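The structure appears below as structure tokens.
The values are calculated or read from the model by the stated rules, or taken from the named source; none is laboratory data. Bear in mind that the values here come from a model prediction, so they are computed numbers and not experimental data. Quick reminder, even Gly has a Cβ in these numbers, built from the backbone with ideal geometry, and neighbours come from all protein chains shown.
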Amino acid sequence: MAGIVSVIVDGIAYGMLLFLFSIGLSVTLGLMRFINLAHGAFAMFGGYVAVTLMNGYGVPFLLLLPVAFLATGLFGAVAEKLVIRHVYPMPELQQVLFSIGLAFAAGAVANIIFGPQQQPMLLPGWLAQRISVLGIDITGYRIFLIGAGLVAAAALIALFSYTLYGARVRAAVDSRRTAEGMGINVSLLFSLTFGLGAAFAGLGGALAVGFLGLDPTFPLKYLVIVLMVVAIGGPGSIAGSFIAAIFIGVIDALFKYFVPEIGGFVIYAVLVVMMVFFPKGLAGGRTA
Amino acid sequence: MNSVTSSVTSSVMRIGIGLPLFLVAVASYFLFPGQLGLIAHLFILAIFALSYDLLQGHAGVVSLGHAVFFGIGAYTTAILGRHGVSDPLVVLVLAFLVSGAVAGLLTRIVVVGNDLTRLLVTLGIGFLFFEAANKANWLTGGADGMPDFEVGRLFGLYAFDFMGKTAFWYTLAVLAVVYLFLLLVTSSPFGVALRGIRENVRRMHAIGAPVNRHLAVTYIMSGAIAGIAGALLAQTSRFASLDMLGFERSAEVMMMATLGGTGSIPGVVLGAATFGYLKDMLSVISPKYWHLGIGIVLMLSVFVLRSGIAGALAGLARRMERRA
Amino acid sequence: MITAIETSGLTVRFGNFTAVGDVSLTVAAGTRHALIGPNGAGKTSLVHALTGAIPASSGTVCIGGEDVTHLSQAARVRHGLARTFQINQLFRGLTVLENVTLAIFERERKTRAFWRLAASDKAVIDEARSHLAFVHLDALADRPVHSLPYGAQRLIEIAIALATKPRVLVLDEPAAGVPAAQSESIFERIHALPRDLTLLFVEHDMGLVFRFAERITVLVGGQIMTEGTPAEISADDRVRQVYLGRRGHHAAA
């Protein structure tokens, strides 16, 4: 019993990370209609920023997170403004080619700078200890991840539902021309939103080092599963991505636990089945 | 350019572009006797890229998991070889059939849905087969791959020799057949229908076209031909490995087709040959910088030289025509 | 006489919005029937539902007496229902001739054949040329569609639809986006279509409607407000209010 609960908790924690990775892609796809297969590169960027600061400069763990968030967000926003926005109007094939190229290049750069090996991250003592919740021992880090995910989800939903920024984004998703006609600076909105998505991915990446590990194959390794979260949750839907991420995280963990021989690729079978029956995702493509 | 009325002339013209390519290929046998293995490899890549471009360039369907069929062709060859079936042509036909059959099973999920769904499904299928092959190491040898399976003599006479002579003519012959076949298909009513799907799928529905059926046939054809390419690689290198199924290979075939000029049959051949050659030269020096290089080239390719090599050459030809 | 088009209670809903509400429309075979109404009345949605481009939320559609409600758009084309689009939907990268031959190949189910040259099918090419001749475009047969002026492209829309050998042709604003002089010639060609072909056309230009229509259905807010001959419609005050308004002087006597 304790075993299963522990696996489920692991799955939920994994799902939270997936949520953080995917939310940027979901919003980008919904808002800019841009298929960014390189989104995982932002998560990787955040991870390497965190690792460099901690291992190279002894920055404390909790400080790493906002720094990774901001640094990746800035990087994303700049990349968007300089290069990526020119790819938005291009047909699907070009977007796919561009983003695959970006993913390869990003992984290669990481490989050149940091080498192909896994990056170590020493979690602070207070996170590494096991905590007893309802009689079951869970690593503090899992709880931290789950907490971080919930906070992020809440913050994003609040942001998109209650702020002026969120209203503008939803307007621009609905009809770009009308939004521009109302005086909304849509291109600034796109940069901000892209940067925000990148920032969350970077945060996820920083958090993931101590749970999933970090190496240059990161962007492509998690590509399918991140796309799954977006496709199943419905592009543009935050709540949908959240539910889809948890769902996929838990299923993946359960299968790996119960049927380890095939566990790894059951998730792809799940993908195929879901796409056959729900081609538009669970949320049906509405925005958050 | 492909007007139906002058299409006999234009077919000859299209073969016409292929003819010099063919002659260059034949000449390379005599010009580079020490590189026959590499050249045969380039022919194989060309077949693979042509199979993919039928989907992407002609029907307008992007698939991120096309290497699945390449790998199935290779593994079919290896498994048959281990079980005593080793006549190269028999194995080639069987690989063609097996890959085509798998493609047939998958059409229902690939053809359905919108573009994002299809990207995701083809990506997922790619990873699924990769992981499955990885885990099923009793059949596939897992991460170690399958070396040392029997490959018989071609026509019972010609062994696949070290110098690669047999491999060269064998793969060139298959490439020529595939090339001509695709020329025929793209000049047929079916080919016009594919271009119609690529140009305006809405209109296709409105003229009563069975779009899904057309796409399914295309998917099966392209999967089967990719299987031939994979079988050829396994036969000439006597090895089948997981990377033949992997995402990187799927991405590479997309790059080859696009860099050569998606939609242009000779262009794709040139693109595959160029890509294969560069990869052979550069990735040995440093795989990291090779990945960085192709990443950058891919990103640039959406801004400059959109129509690939074929487009650049056609543009040059037009400019020269205007001066004349 | 079999009715060419018959819908019964046809309804199309998008979420909470009812684009087409309980429309029961009958078009007799061989008539030239116009569908008019103000912007947003649901005319194009009705056309989409009629042709199968979007599924109906409820109601039935019969073409030539056969129930096609559950058939796909492509299947309805095979039952003899063709349409043209309000905004050109052509194969822009193909030649004019290829646009039409493709429709014929599909009709004849010849697109299965991947082993023959398309150019060798003389019968198909000749038929395509005859359709192009009907719309006076045969001289431009080998030009790529994207190089043609918009008015010519509108005519290709019609040629493609004709190439499917329909029994019923639905024309969604055939003269849309075309200057007045050219819209005359487009409608002249429509008028020259064979009488055994039933025409349902959506149109805004009341001058053209009153000249070419034998029967008119007025759609407002997704529902049929009234139906009748051109004389009846032009005399109808409600129609005048809702639609003709300031443009009443266009109504033909």
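Return yes or no: is A:Leu64 farther than 24 Å from A:Phe34 by Cα, assigned to a loop (DSSP other than H, G, I, E, B) and touching a residue at least 40 places away in the same chain (Cβ under 8 Å)?
no
Hand me the list of helices (runs of 4 or more DSSP H) wholly inside region C:110-191 holding 3 or more residues that are in contact with a Leu (Cβ under 7 Å, 6 or more places away or on another chain) and in contact (Cβ under 8 Å) with a residue 40 or more places away in the chain.
In region C:110-191, C:150-163 are the helices (runs of 4 or more DSSP H) which contain 3 or more residues that are in contact with a Leu (Cβ under 7 Å, 6 or more places away or on another chain) and in contact (Cβ under 8 Å) with a residue 40 or more places away in the chain.
Just need a number here: residues in region C:92-106 that are within 7 Å of another protein chain (Cβ to nearest Cβ) and within 18 Å of the chain's Cα centre (by Cα).
The number of residues fulfilling the criteria is 1.
Does B:His58 count as within 14 Å of chain A (Cβ to nearest Cβ) and either under 20 Å from the mean Cα position of the chain (by Cα) or in a helix (DSSP H, G or I) (or both)?
In short, yes.
Considering region B:115-136 alone, what residues qualify as being surrounded by fewer than 20 Cβ atoms within 10 Å (Cβ to Cβ) and under 15 Å from B:Ile72 (Cβ atoms)?
Selection gives B:Ala132, B:Asn134, B:Ala136.
Go through region B:245-296 and give me each residue that's surrounded by fewer than 21 Cβ atoms within 10 Å (Cβ to Cβ), farther than 19 Å from A:Ser99 by Cα and not charged (D, E, K, R).
B:Thr274, B:Tyr277, B:Leu278, B:Met281, B:Leu282, B:Ser283, B:Val284, B:Ile285, B:Ser286, B:Pro287
How many residues are of a type in the set (Ser, Thr, Tyr) and within 13 Å of chain B (Cβ to nearest Cβ) if we restrict to region C:133-163?
Qualifying residue count, region C:133-163: 1.
Looking only at residues that are part of a helix (DSSP H, G or I) and in contact with a Gly (Cβ under 7 Å, 6 or more places away or on another chain) in region B:159-191, which one is modelled with the lowest pLDDT?
Taking the candidates together, the pick is B:Ala167.
Among what's in region A:207-236 and is more than 19 Å from A:Ala253 (Cα to Cα) and surrounded by fewer than 24 Cβ atoms within 10 Å (Cβ to Cβ), pick the residue that is nearest to the other protein chains (Cβ to nearest Cβ).
A:Leu220
If we keep just the residues of region B:64-108 that are in contact (Cβ under 8 Å) with a residue 12 or more places away in the chain and part of a loop (DSSP other than H, G, I, E, B), which is surrounded by the fewest Cβ atoms within 10 Å (Cβ to Cβ)?
Residue satisfying both the conditions and the ranking: B:Gly84.
When you scan region B:203-260, how many residues do you find that are more than 12 Å from the chain's Cα centre (by Cα), within 13 Å of chain C (Cβ to nearest Cβ), assigned to a helix (DSSP H, G or I) and within 20 Å of B:Thr107 (Cα to Cα)?
11
Condition check ((1) closer than 18 Å to B:Pro20 by Cα; (2) without any contact (Cβ under 8 Å) to a residue 24 or more places away in the chain) across all residues:
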position: B:Gly142; (1), (2): no, no
position: B:Gly156; (1), (2): no, no
position: B:Ala159; (1), (2): no, yes
position: B:Gly164; (1), (2): no, no
position: B:Ala167; (1), (2): no, no
position: B:Val174; (1), (2): yes, no
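Out of region A:33-47, which residues are at pLDDT below 90 and away from chain B (no Cβ under 14 Å)?
none
Taking region C:79-89 as the search range and keeping residues that are aliphatic (A, V, I, L, M) and closer than 14 Å to C:Leu162 by Cβ, which one is farthest from the other protein chains (Cβ to nearest Cβ)?
Looking at the filtered set, the residue picked out is C:Leu81.
Sort out which residues of region B:282-324 are in a helix (DSSP H, G or I) and on the phi > 0 side of the Ramachandran plot, and write them in order of number.
Result: B:Gly308, single match.
Among the listed residues C:Gly30, C:Gly40, identify the single one that is away from chain B (no Cβ under 14 Å), assigned to a loop (DSSP other than H, G, I, E, B), surrounded by fewer than 18 Cβ atoms within 10 Å (Cβ to Cβ) and within 17 Å of the chain's Cα centre (by Cα).
C:Gly30
Out of region A:236-247, which residues are of a type outside the set (Gly, Ala, Ser) and over 13 Å from the mean Cα position of the chain (by Cα)?
A:Ile243, A:Phe247
State which residue is nearest to B:Ile285 (Cα to Cα) when the search covers only region A:67-113 and only residues that are β-branched (Val, Ile, Thr) and within 7 Å of another protein chain (Cβ to nearest Cβ).
It comes out as A:Ile112.
What tally of residues in region C:56-78 results from selecting those that are within 14 Å of another protein chain (Cβ to nearest Cβ) and in contact (Cβ under 8 Å) with a residue 40 or more places away in the chain?
Matching residues across region C:56-78 total 2.
Which ones in region C:84-120 are closer than 14 Å to C:Ile160 by Cα and of a type in the set (Lys, Arg)?
Within region C:84-120, C:Arg92, C:Arg107 qualify.
Give me a count of the residues in region B:224-241 that are over 24 Å from B:Gly164 (Cβ atoms) and modelled with pLDDT under 90.
Final tally of qualifying residues: 0.
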